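See below for the structure under consideration.
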Amino acid sequence: MDNHGGTFIPGIEVRLAAKEDLWQVRELAQLIFPATYENIVSAGQVDYMMNLFYTPEALQSQLESGQVFLIIYFEGKAAGYASYTRLNDPGDFKLNKIYLNSGLQGKGLGRFLLYDVIRRVKSEGGRSLQLNVNRFNKAVGFYRNLGFTVKKEQLLDIGGGHFMDDYVMEIKIV
């Protein structure tokens with residue numbers, strides 16, 4: 001198996017995003033994030049979360065605090081993004097974000113991007129990768145199919161009277 005789970009897809013490239021690339025993450029998020037959550041949480045919560053996580057200032061702050069951002073390109077166009085951070089235990093990492101343009105889902109790009117994150121985490125000494133996913137998000141099945149297991153359920157108060165009703169999932173990296 002190669003670095004991307006045995007998947008080779010012509011025209012795909014994953015690039016590390018620098019500060020000057022964060023506008024692209026924001027632009028992708030404006031297209032992808034609301035569509036992902038429109039049937040899961042209220043429109044008010046989507047707006048709140050966009051303002052919490054995806055303003056230029058919020059993205060820059062996340063980058064400066066150590067979050068690593070990646071952008072996946074398909075046929076030369078930005079198609080999605082991911083980000084991850086190291087947790088307190090040096091071997092534990094967290095996948096903070098992974099989103100793909102809905103029109104490109106089902107082509108193996110999400111798997112390719114996730115395997116790229118895992119490869120990077122492993123090269124940094126990572127032994128596990130955790131993530132939070134809304135319990136009602138169809139991505140739960142995607143993560144399960146890739147070997148993630150549910151560690152626990154978590155109800156997070158994100159402010160403004162909004163909550164994230166999540167599974168914390170994890171995969172061991174060997």
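All of the numbers you see were taken from the coordinates with simple rules; none came from a lab. The model shown is predicted, which means the values in this text are computed figures rather than measured ones. When we count neighbours, we look across all protein chains shown, and the Cβ atoms used for this are built from the backbone with ideal geometry, even at glycine.
Can you tell which of Phe142, Tyr115, Ser128 lies farthest toward the positive end of the dipole of segment 107-166, using +1 and -1 charges on the Cβ of basic and acidic side chains (Lys, Arg; Asp, Glu)?
The residue sitting most towards the positive pole is Tyr115.
In nm, give the distance between the simple-model label positions of Gln105 and Gln60, each being 7 Å from the Cα along the Cα-to-Cβ direction.
In this crude label model, Gln105 to Gln60 measures out at 3.2 nm.
Fully extended, how many nm does the chain gain between Gln30 and Lys77 (0.36 nm per residue separation, minus their Cα-Cα distance)?
Length gained, Gln30 through Lys77: 15.3 nm.
Given N residues in segment 71-174, what is Rg(Cα) / (2.2 N^0.38 Å)?
So segment 71-174 has a normalised radius of gyration of 1.10.
Roughly how many nanometres apart are two label points built 7 Å out from the Cα toward the Cβ at Met164 and Arg135?
1.6
Using C-alpha positions alone, give me the convex hull volume of segment 16-108 per residue in cubic angstrom.
Working: hull volume 11.1 nm³, N = 93.
Convex hull of Cα atoms, per residue: 119 Å³.
If every alpha-carbon in segment 62-128 counts as one equal scatterer, what log10 I(q)/I(0) does Debye give at q = 0.13, 0.24 1/Å?
Each listed q maps to, in turn, -0.37, -1.01.
May I ask for log10 I(q)/I(0) of the chain at q = 0.09, 0.16, 0.17 Å⁻¹, from a Debye sum over the Cα atoms as equal point scatterers with solvent left out?
The Debye formula, applied to the Cα set alone, gives -0.29, -1.01, -1.17.
Of the residues Gly44, Gly161, Gly91, which exhibits the maximal mean-square fluctuation in a Gaussian network model of the chain defined by a 10 Å Cα contact cut-off?
Among Gly44, Gly161, Gly91, the largest mean-square fluctuation in the Gaussian network model of the chain belongs to Gly161.
Using a basic spin-label model with each label point 7 Å from the Cα along Cα→Cβ, how many nm lie between Leu146 and Ser123?
Spacing of the two 7 Å Cα→Cβ label points: 1.7 nm.
As a quick test, which of the pairs Lys77/Lys138; Lys77/Lys172; Lys19/Lys138; Lys19/Lys77 have an alpha carbon distance above 29 angstrom in this structure?
Lys77/Lys172; Lys19/Lys138
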